[in-house]
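For reference, the structure discussed in these notes is given below.
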Amino acid sequence: LPRRLHAKLLPCACERPVGNAFPACPFSELCNSQRAGRKHVGKEVDGVQLAPGATVPPIVVGGMADAAVRRAESHDGWFLLPMPPECVTAAAGRVSVPVIANQTVAIVGDPALPTRNEIAQRMIDPDGLYGVPAELVDQFLLYGEPDEIAERLQAYGDAGAARVVVTFAAGDWHRQAE
């Protein structure tokens, strides 16, 4: 095999028993130096140099099932399904990691903003982006003035949410975000 394919298709020496290393593998020396306890970062073999490992970004787990809650506990946060602020307190009590709430908003004052009913119809469309049951639209959508939106976001923080992810339902989101 060509060396570049050999390195991709065959496991490195660190994944094989010591006596099974392929001397032709350009990564064998790097992997063997790691196994032997020597620093391999920055060392070059056959034009290949290993860079320092990247820092893993925070991992936030979503979902409401017990399994999702367990996964969230072993990561960096729990992303809640849309729910009113008063329900966030109970949800936050289920975990020891930060809780991230989310709210879909439509801020009145944007000339490109459809009416609340038009947005609600889009949200309940089973083939649309949200597919929300009609009886839950009020839980998912906050259609209001900037002060109303700010109060709701503050309520999430007061209820225990470490962060709130805001989604703009329609209209010019740049204008609404200002």
With every protein chain present, what is the per residue accessible area of region 42-152 (1.4 Å probe, Å²)? 58
When the Cα centres of region 128-149 and region 56-124 are compared, how far apart do they sit, in Å? 12
Using the Karplus curve 6.51 cos²θ - 1.76 cosθ + 1.60 with θ = phi - 60°, what ³J(HN,Hα) values do you get for each residue of region 165-172, in whole Hz, with x for Gly and Pro? 8, 9, 10, 8, 5, 6, x, 8
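Leaving ligands, DNA and RNA out of it, report the carbon-plus-sulfur percent of the accessible area of region 47-178 at a 1.4 Å probe.
Values: 4240 of 7790 Å².
Taking all protein chains in place, region 47-178 shows 54 percent carbon and sulfur surface.
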Work out from phi, with θ = phi - 60° and the Karplus expression 6.51 cos²θ - 1.76 cosθ + 1.60, the ³J(HN,Hα) of each residue of region 129-143, listed in order in whole Hz, and give x for Gly and Pro. 5, 9, x, 7, x, 3, 6, 10, 4, 5, 6, 7, 10, 10, 10
With θ taken as phi - 60° and the coefficients 6.51, -1.76 and 1.60, list the Karplus ³J(HN,Hα) couplings across region 90-101 in order, rounded to whole Hz; mark glycine and proline as x. 5, 5, 4, x, 7, 9, 9, 9, x, 9, 10, 8
Spelling it out for Gly63: with amide H atoms placed in the peptide plane at 1.01 Å from N, the residues 5 or more places away or on another chain with amide H under 5 Å from its amide H are Phe79, Leu81
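The values are calculated or read from the model by the stated rules, or taken from the named source; none is laboratory data. Since the model is a prediction, treat every value here as computed from it, not as a measurement. For accessibility, only protein heavy atoms count, side chains too; no ligands or nucleic acids. Shrake-Rupley method; radii C 1.70, N 1.55, O 1.52, S 1.80 Å.
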